[in-house]
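Participant: Handing you this structure, nothing more for now.
No value in this document is a laboratory result; all are computed from the given coordinates. Just so we're clear, the structure is a prediction, and the values are computed from it rather than from any experiment. Please note: Cβ atoms are built from the backbone with ideal geometry, for glycine as well, and neighbour counts cover all protein chains shown.
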Amino acid sequence: MAGPVYPTWVTRWLSGQWRLKKRPPAIRPPRPLALADKVANRREQAGEATCITEMSVMMACWKQNDFSDTACAEEIRMFYDCVAKAEKERRNQNKNTLSSKENLPSSKVNKLLRRFPQIRHYA
């Protein structure tokens with residue numbers, strides 16, 4: 001298994017060859033090393049459609065029975081059960097967002113950045 005490949009200046013610096021020039025190479029970050037006050041609002045990923053099969057069965061039943069709810073009560077109940085289950089899963093997923101290893105949506109990141117602002121001055 002090969003090790004990581006570093007730029008040549010890093011290997012020279014670590015090996016001590018920089019001492020010949022009496023100073024290490026200057027490493028300057030392109031931006032200040034601090035978090036911004038907010039992140040860009042990205043469009044969150046659209047969730048996948050749920051309960052499509054149950055809805056299709058329910059609508060087919062309605063069409064066969066002239067849109068009678070009493071004749072399609074079982075299909076309607078199956079559709080509502082599926083919707084309730086999907087809603088419960090979505091709520092549980094939203095509650096566990098901070099503990100999961102997935103990326104946070106920009107709205108939650110902005111909320112956390114407002115809650116814990118950057119200290120830009122020292123006493």
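Participant: Quote the FRET efficiency, to the nearest 0.05, computed for LYS108 versus ALA60 with a Förster distance R0 of 30 Å and r equal to the Cβ-Cβ distance. The partial results should precede the final answer.
Facilitator: Values: r = 40 Å, r/R0 = 1.33.
For R0 = 30 Å, the calculated efficiency reads 0.15.
Participant: To the nearest 0.05, what FRET efficiency results for TRP13 and ALA34 with a Förster distance of 25 Å applied to their C-beta separation?
Facilitator: According to the calculation, E is roughly 0.50.
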